[in-house]
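Peer 1: Sharing a structure here in structure tokens format.
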Amino acid sequence: MKCWHCKTELVWNGDYSIDDQDDDYQMVSHLTCPNKTCQCLTQVFVPKLLEKETLKERQVLLEVIKGKLK
Ligand SMILES: [Zn+2]
């Protein structure tokens, strides 16, 4: 992934769980720009929708909807 500002390849700095502090996002990834004249910090927020339980619930919901359509 490249820096938004200077297009240098970003360095991954770690993933942090924010599950307890945020309703919509479960995790944030930190990526920093190694370019000394830029040094931007990029944060990537991972939504809770990607959790397995939620996907399973959506699948069940889809099956229910399909069942009703028949
Ligand atoms: Zn940069």
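Peer 1: Determine the pairs where a residue that is of a type in the set (A, V, I, L, M, F, W, C), located within the stretch 12-34, has a partner that is away from the ligand (no atom under 14 Å from the Cβ) and not in a strand (DSSP E or B) with Cβ atoms under 8 Å apart, the partner being 6 or more residues away or on another chain.
Peer 2: Correct list of pairs: Met27/Ile18; Met27/Asp19; Val28/Ile18.
Peer 1: Now for a different question. Would you check which residues across the stretch 1-22 are in a loop (DSSP other than H, G, I, E, B) and within 13 Å of the chain's Cα centre (by Cα) and list them?
Peer 2: Ile18, Asp19, Asp22
Peer 1: A follow-up question, please. When you scan the stretch 1-53, how many residues do you find that are of a type outside the set (A, V, I, L, M, F, W, C) and within 16 Å of the ligand (Cβ to nearest atom)?
Peer 2: Count: 15.
Peer 1: Restricting to the stretch 23-40, give me the number of residues that are assigned to a loop (DSSP other than H, G, I, E, B), at pLDDT 95 or above and in contact with a Leu (Cβ under 9 Å, 6 or more places away or on another chain).
Peer 2: 3
The values are calculated or read from the model by the stated rules, or taken from the named source; none is laboratory data. Every value quoted in this text rests on a predicted model; they were computed, and no experiment measured them. Don't worry about glycine lacking a Cβ; one is built from the backbone with ideal geometry, like all the others, and counts go over all protein chains shown.
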